[in-house]
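Inspection log for the structure reproduced underneath, given as structure tokens.
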Amino acid sequence: MSLDVSPQLLAEAENGEVREQDFVETVRTSLPYAYDLIARLAAELRSGGTEFADNQTPPPSEKERGQLLRALSSDAIRGSLERHFGVALAFQNCHRVAAFHPDARGSETHARFTSLRAQILNQSPEFRDC
């Protein structure tokens with residue numbers, strides 16, 4: 001299971017719409033490694049003059065890797081994190097996540113990062129089973 005959903009949030013979902021801030025809080029507590037990594041990238045993006053901020057450090061364990069994969073493979077989780085932090089996320093392998101300014105989607109830099117070529121060049125044998 002990806003998220004530890006509280007009985008209160010479950011009741012909200014059963015009765016209608018869920019407030020996104022409540023959902024993001026559930027993501028923060030359920031997937032702390034993924035949340036903190038994306039928060040760090042968003043802060044780096046805001047503070048630097050770069051087009052994007054990315055992570056190239058593998059997670060410390062499979063537990064953290066699993067959190068990152070779950071966060072980025074879910075449209076709802078990924079979209080909520082993008083809106084919450086005001087970024088556009090791009091993902092290449094088991095841990096290379098990049099945060100772009102939202103209006104950078106489709107830019108030359110974003111297209112280069114998400115290209116087939118970049119995907120191939122960012123592969124290595126240790127990522128085979130991730």
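Readers should treat all values here as calculations from the given coordinates under stated rules, not as data from a laboratory. Keep in mind that this is a model prediction, so the values were computed, not measured. No Cβ is skipped: glycine too gets one built from the backbone with ideal geometry, and neighbour counts run over all protein chains shown.
Counted over all Cα-Cα pairs of the chain, pairs farther apart than 21 Å make up 43 percent. Taking Cα centre as origin and charging only the Cβ of basic (Lys, Arg, +1) and acidic (Asp, Glu, -1) residues, the dipole magnitude of the chain rounds to 460 debye.
Under the rule of -39500 (n - 2.57) per DSSP H run of 4 or more residues, summed and divided by the residues of the chain, what mean residue ellipticity at 222 nm is obtained, to the nearest 500 deg cm²/dmol?
-16000 deg cm²/dmol, from helical runs alone.
All distinct Cα pairs of the stretch 34-97 go into the 1/r average, and the inverse of that average, the Kirkwood radius, is 11.9 Å.
Looking at the stretch 1-79, which GluC sites (Glu not before Pro) are in a loop (DSSP not H, G, I, E or B) and have at most 14 other Cβ atoms within 10 Å?
Taking the stretch 1-79 and a limit of 14 other Cβ atoms within 10 Å, the loop GluC sites (Glu not before Pro) found are 17.
Report the residue, chosen from 93, 15, 55, that carries the largest GNM mean-square fluctuation when the chain is represented by alpha-carbon nodes joined by springs under 10 Å. Most flexible of the set in this elastic network: 15.
For the stretch 1-51, the equivalent ellipsoid derived from the Cα gyration tensor has semi-axes of 29, 12, 6 Å, listed largest first.
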